[in-house]
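Here the structure is laid out as structure tokens; the discussion comes afterwards.
The values are calculated or read from the model by the stated rules, or taken from the named source; none is laboratory data. Worth saying up front: this structure is predicted, and the values here are computed from it rather than measured. Positions of Cβ are generated from backbone atoms using ideal geometry, with glycine treated the same way; all protein chains shown enter the neighbour counts.
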Amino acid sequence: MSPKPLEQVTLADLATKDDLKNLVTKDYLHQELNSLKQELRQEFRGEMGSLKEELRGEIGSAKRELRGELGSAVNLIMGELGKMSARQEEMAGTLARLVAKSEGVMQ
């Protein structure tokens, strides 16, 4: 067998049938890539779903905690308002007694 010029050498001249059987085709690569994309999408959706659930739980917990703190703050404010109201009533009584005394002195 005489050697061929380089321009005429083909892949079949350089490889055996067994070598050629193991070659990957463009369609096969495309199919595998699409399969991987689908798998990644499903995994991503699953992860996103679990993250959403985790965030919902955290937000719910934070809301409950804030409601509790808000309730405590409202209770403190109501207590202070009650004290102020009691002081005003006490001052009104004192003022009424002073007015009554001053009227008695004036008469």
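One line per residue, one yes/no per condition, for (1) modelled with pLDDT of 95 or more; (2) loosely packed, with under 10 Cβ neighbours inside 10 Å; (3) not in a helix (DSSP H, G or I):
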{"site": "Leu20", "(1), (2), (3)": "no, no, no"}
{"site": "Leu23", "(1), (2), (3)": "no, yes, yes"}
{"site": "Lys37", "(1), (2), (3)": "yes, no, no"}
{"site": "Phe44", "(1), (2), (3)": "no, no, no"}
{"site": "Glu53", "(1), (2), (3)": "no, no, no"}
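Give the residues of region 1-18 that are of a type in the set (A, V, I, L, M, F, W, C) and surrounded by 10 or more Cβ atoms within 10 Å (Cβ to Cβ), sorted by residue number. Across region 1-18, the qualifying residues are Val9, Ala12, Ala15.
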